[in-house]
Amino acid sequence: MKSFNKYIAAALAGLALASCDDFLTVTPEDKFVQDNYYTSAEAIRDNTKVIYSATIWRDFMMNFHWKLDELVGDMYYTYAAEGQWYFGTYTDVNQYIKEGWNGLYNVISQCNSIIEDMPGYVSGVPQEDVDRAIAEARAIRAYCYWYIAECWHDAPIITHNSDNITNNNFNTPRNPQADIYRFALEDADFAVNTLPETDADAFRATVATARAIRARILLTMASHSDYGYDRADLYRRAAADALAVIDSRDNVKDIPFATLFDATTNNGPESLLAIQCGTLGYGTGNPKTIAWGRSSVIADGCWGSGKGPTISLQSMYDQLDQRRKWTYMANGDFYPNLNTAAGGYTYYIQSYEDGSVLESRNEMNSHIKKYILGRDADGNGTTSNNQDGSNNVYLVRLADMYLIYAEAIMGTANSTTDANALDKINSVRARAGLAGFTSLTYTDLLKERRREFAFESINWFDILRLRYREGDATALEFLNSGYGSGYNRSCMYVFKDWSMNEEAYANLESTYKIAASVDDGGMYDPIVLTASSFVIPLPASATTSAPALLGDIVPFYTSNTEK
């Protein structure tokens with residue numbers, strides 16, 4: 001497979017990112033485009049590399065993207081502005097909301113530059129090469145607008161950043177969620193009809209990428225019982241797209257889960273769209289080894305000691321589930337690729353050296369493994385202490401298509417025994433070493449998705465689809481009960497007897513109990529999210545600079561014809 005790292009420098013050279021709070025004044029590549037006429041397909045391809053790079057996705061990826069894991073209850077963390085996501089207490093001044101909003105619109109601005117500005121500076125290049133570049137940008141723009149529609153519901157559809165900048169038109173109203181879906185779907189349609197089946201650069205969007213993005217959009221729209229959609233048709237189309245992607249790739253059963261999140265498998269058969277990461281400094285790579293790493297034993301600088309999988313998430317995994325070890329670390333797990341200088345790393349709830357604590361426990365008695373690369377020495381330069389690991393960040397991967405297919409076949413029903421749907425979800429389970437379902441409920445499906453995609457910032461959108469299907473009360477009960485496990489996110493491990501000698505008993509699981517309230521010895525009473533959590537507030541920085549965002553929601557389309 002072709003490495004992306006050598007392209008990062010070229011991407012960086014093309015950037016002109018403004019440091020400004022206004023999400024519309026993020027400067028796209030217009031200046032770069034206007035100063036360079038595109039006289040070859042290679043020149044155009046050099047330009048489009050940038051929309052895959054971590055540098056472009058930085059503000060979205062570094063924090064906001066994975067904060068949604070705390071919101072859904074995959075990740076335990078309770079400190080400062082980051083912890084506000086765990087409690088559902090974030091407001092419009094939360095710094096990470098601003099980063100996510102600006103970050104997504106920054107990616108959109110780069111895509112807009114390719115779609116709207118670049119064609120005017122092309123000379124002597126076949127139209128199909130120009131169209132292919134536009135289709136790549138429209139596929140990624142479709143993904144971004146789907147994400148925005150899910151997080152903020154109503155938001156501006158921006159298509160001409162250069163026009164906005166030229167005309168000083170920054171005060172832009174919001175468009176309705178349904179219009180954003182329609183716009184994203186039109187982008188995805190164009191990409192599906194234009195992109196090639198394969199590409200020499202493994203990181204680039206192909207027709208499979210576009211179909212996967214379209215399947216997500218269609219599935220989301222089909223979940224809505226409030227927009228008057230032909231839901232059966234939308235589910236049918238989502239299933240068709242997911243199946244086409246599945247048939248174009250290796251069977252997921254034959255792709256090892258254990259190495260999916262290592263740099264060695266970047267742009268492999270599981271990857272449909274990923275942020276391309278490299279070790280060229282802060283903002284150019286994957287930050288998770290540093291942000292989630294337990295200690296200096298397995299990371300060159302880190303602040304993940306207090307982060308861990310919630311007890312409700314831990315309860316989701318069968319003992320035979322082979323995904324569990326590569327998703328989070330539990331007592332006694334051994335990882336040969338971590339702390340290689342010492343012959344590997346064995347996880348203990350609390351580890352000691354010379355009688356002193358080397359790695360302390362957290363309230364979950366566990367830490368995150370997914371995306372953790374180890375120290376720089378463990379990966380021969382694939383990770384570093386600048387939050388720039390070289391393992392890509394998945395935006396869409398193959399297993400999602402298997403589970404989307406099963407959900408789409410189920411449709412508006414709450415269960416299915418359809419053989420094709422069962423075959424797809426059971427393929428995902430077979431890779432995990434688990435027996436298959438003989439019938440499937442919607443709840444089963446949501447739980448399977450949580451096990452497969454923990455810490456990948458996907459499960460929050462599953463909760464939103466449940467809400468669209470069955471309303472606030474059902475979604476909140478499911479979320480606040482830890483996916484029906486009975487473990488609220490407040491649950492934590494505490495010693496049964498605090499007088500015990502910690503060094504002697506810290507690693508004995510029988511010495512702990514699960515506390516769900518302050519009266520039971522925990523730190524928190526049950527943390528109950530409300531319906532207000534389902535829509536992330538607009539960042540105060542954006543509404544201050546563009547007060548029209550707080551005004552009336554304005555239709556983007558003059559016709560209400562359903563797409």
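Remarks
- Extension gain (nm, one decimal) between residue 123 and residue 282, 0.36 nm per residue minus Cα-Cα: 53.6 nm
- Overall shape: oblate for the range 419-528, with the ratio a/c of the largest to smallest alpha carbon gyration tensor axis at 1.5 or above and b/c at least equal to a/b.
- Peptides 96-105, 300-309 ordered by packing proxy, namely the average of other Cβ atoms within 10 Å per residue, highest first: 96-105, 300-309.
- Rounded to the nearest whole Hz, the Karplus-based 3J(HN,Hα) values (6.51 cos²θ - 1.76 cosθ + 1.60, θ = phi - 60°) of the range 535-547 follow the sequence 10, 6, x, 5, x, 4, 4, 6, 6, 5, 7, 9, x, with x at glycine and proline.
- For the chain, DSSP calls about 90 percent of its internal beta bridges antiparallel.
- Short-range pairs are left out: with C-alpha atoms under 8 Å and at least six residues apart, the relative contact order of the range 307-436 is 22 percent.
- The chain, relative contact order in percent, only Cα pairs under 8 angstrom and at least six apart counted: 19
- When the chain is reduced to its Cα atoms, the Kirkwood hydrodynamic radius in Å: 24.3
- Measuring nothing but how far apart in sequence close Cα pairs (under 8 Å, 6+ apart) lie, relative to its length, the range 167-217 scores a relative contact order of 34 percent.
- Amide H contacts under 5 Å for residue 38: 122, 123, restricted to partners 5 or more places along the chain or on a different chain, H placed in the peptide plane at 1.01 Å from N.
- Using the average count of surrounding beta-carbon atoms within 10 Å as a protection proxy, the listed peptides 202-215, 536-549 rank, highest first, as 202-215, 536-549.
- Environment charge at residue 206 (Cβ cut-off 12 Å; Lys +1, Arg +1, Asp -1, Glu -1): 0
- For the cross-link pairs 98/496; 98/307; 424/513; 98/370; 307/496; 49/98, the ones whose C-alpha atoms lie over 32 Å apart are 98/496; 424/513.
- A Förster radius of 56 Å, combined with the Cβ-Cβ distance separating residue 341 from residue 518, puts the computed FRET efficiency at roughly 0.85.
- Amide hydrogen proximity for residue 75: with H placed 1.01 Å from N in the peptide plane, the residues at 5 or more positions away or on another chain lying under 5 Å are 70, 310.
FYI, it's all coordinate maths here, none of it is from the lab. Everything numeric here is computed off the predicted structure, so don't read it as measured data. Cβ: placed from backbone, ideal geometry, glycine included. Neighbour counts: every protein chain shown.
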